[in-house]
Every structure is written in C-alpha cells, then in structure tokens.
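Colleague: Following this message is one structure expressed as structure tokens.
The values are calculated or read from the model by the stated rules, or taken from the named source; none is laboratory data. A quick note: this is a predicted structure, and the numbers were derived from the prediction, not measured. Using ideal geometry, Cβ is built from the backbone for each residue, glycine included, and neighbour counts are taken over all protein chains shown.
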Amino acid sequence: MTLKLASIYVYPIKSLGGVAVSRGVVQPGGLRHDRRMMLVDVNGEFITQREYPELSHLTCVLSKSGNMMRIWDKRAPELNLEVTLGAPPIANIRVKVWSTVMDAGIIGNTCDDFFSTFLHRKCQLVKMTDQSVRYANPFYAGEGIRMSMADGYPLMIIGQSSLSDLNSRLAEKVEMQRFRPNLVFKGGIPYEEDTWKEFMIGDIKFKAVKPCSRCVITTIHPESGIKGIEPLTTLSHYRKKGNNVLFGMNLVALSEGEIRTGEKIKIL
C-alpha cells in the first residue's frame, strides 16, 4: 500500500498550539520554526501544559514570509501578540529543558508581559540562538544529533491508521493534535511506524530511533484545556511497555532539505 505524507506540523513555541504547513524545511535539530522558543519561569526552568493546561488555549500563526508570528487566546482573540522571529534577543539567559542546561535569548519585555499576564505568574519567552546547543540521547539517536527545545528528539511521526485504530477503542474520539506530531502519514496498517528503521520522504532521509512515550498532555482537551483520563488510559491497556505508554515514533533526519505534503514515503 502506498504511504504518503498527509500533514506537517510545527510548534513554534513549546507546549503552545501547532501550525499546519504544506512544506517543511528539515534543518539540524528538526523542522524550521519547530520548538525554537519556549516559556521559562524565574529560575529558567521550562514551562509546559503539564503544569499549565491553559496553555492549550494559545494558538500561533506564521506569516507567509515566515518572519512574523501572531499568538492569541482562542477564547479572546483580541488578546494577541506579534513576534518578529528574526529579531536579535535583548539579552541571554541560561535555561533548562529536562536535564539539559543551555543558552537562550530573551525575546523582549512585551512578550514577557503578555505571557506573565496570561499565566498569572512571572515568566519569559526565550528562543534558541547560535549559542544554544542541545543534543538528543546518543544511545538512541546516535552521537551529535542536534535538538530544538522539544522534549526528547527532533521529530515525531504518527500514522493516520494508528489514530483511527485508537479511536475505534474510545467512547469519544480524539484528534491527532493531542499527540503533537510533526509528521502524519496516510496508508498502511495501524502502528506500522513501530517497525520502521530508515525511510525517505521525497529526497530527505529519516531514521526512526525510539517509540514515543506519552504523557499527561495527551489527556488535555485542546479546546477546553480540561484534563481527563483518555486517551492515555485506553492506550495503557494495549500500548504499554514497562512504565511507558507508546504512540508514535521519534525520528532524526539524516539529510536536510524540503518536504511537502502529498510526497510518497519509501521504507528502506
């Protein structure tokens, strides 16, 4: 059965809404504009929906040029913020993503005020700079694989068939956005991405490195921001390995360039 790339998503700010794009630029560390920014607290620790599920209310849109981004509260679109993506940071700061401490740039007081008001706590919006260095786990990804501010690996893919199978087991269906993939493909059988090693999308080569372990963020309704128990509970009944509930496959890119929706996927 033919496999095709159905969707491409980038998440400009870690733990905020994703942006669907028809073309994705594969760079060291993942897709262009993907998780190159994040929110941090006064100690430089990263902030996510795990602690603040209300972040699900914030969505982003990129300008056609890719130089500007607008962020707004879906419940109150008049509460919005524009960010110039290429602007130099006003200062540098040391930040922490899980166990990694790295340099990042502070974007500006206007951004900090917007997010601090939204979360009712002091925080800052930071971005990766040329001095920001982070690597994926070499045990799975290999040595020297650059990372964005994503949780563990540069990219993640899920098959539409996998979601359809999960939804057939749920009383209330869930959307793909619960799982925050970068790439979604159509065709094939449920969970066949579990078996992939290396594959091509167009001219770009990827390596599957590790099934994706899912967390409580999958239980947050993307519109209401309310935490539930699904789909994590159902997945734990048939997709649990050890202490991990698995859904989707983490990837690294073995080459750089552009991928487009509709391109064929060739398993190597």
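Colleague: With the requirement that a residue be under 12 Å from Lys127 (Cβ atoms) and in a loop (DSSP other than H, G, I, E, B), what does region 95-110 give you?
Modeller: Ile107, Gly108
Colleague: Hey, could you check region 98-134 for residues that are under 19 Å from the mean Cα position of the chain (by Cα) and of a type in the set (Val, Ile, Thr) and say which is surrounded by the most Cβ atoms within 10 Å (Cβ to Cβ)?
Modeller: For region 98-134, the residue satisfying everything is Val126.
Colleague: Collect the residues in region 1-54 that are among the charged types (D, E, K, R) and in a strand (DSSP E or B), keeping them in residue-number order.
Modeller: Lys4, Arg23, Glu45
Colleague: Next up: Tell me the residue from Val95, Val61, Val83, Val42 that is among the hydrophobic types (A, V, I, L, M, F, W, C) and over 20 Å from the mean Cα position of the chain (by Cα), please.
Modeller: Every option except Val42 fails the conditions.
Colleague: Residue by residue through region 221-257, note down the ones that are among the acidic types (Asp, Glu) and surrounded by 14 or more Cβ atoms within 10 Å (Cβ to Cβ).
Modeller: The answer is Glu230, and nothing else.
Colleague: Additional query: Applying the selection to region 171-228, what residues are among the acidic types (Asp, Glu), out of contact with any strand residue (DSSP E or B) (no Cβ under 7 Å at 6 or more places or on another chain) and either modelled with pLDDT of 95 or more or closer than 21 Å to Gly152 by Cβ (or both)?
Modeller: Glu172, Glu175
Colleague: Sticking with this structure for a sec: Please find, within region 135-155, the residue that is surrounded by the fewest Cβ atoms within 10 Å (Cβ to Cβ) out of those that are part of a helix (DSSP H, G or I) and touching a residue at least 60 places away in the same chain (Cβ under 8 Å).
Modeller: By that ranking, first place goes to Tyr140.
Colleague: Report yes if some residue within region 117-127 is closer than 22 Å to Gly24 by Cβ and either outside any helix (DSSP H, G or I) or among the hydrophobic types (A, V, I, L, M, F, W, C) (or both); otherwise report no.
Modeller: yes
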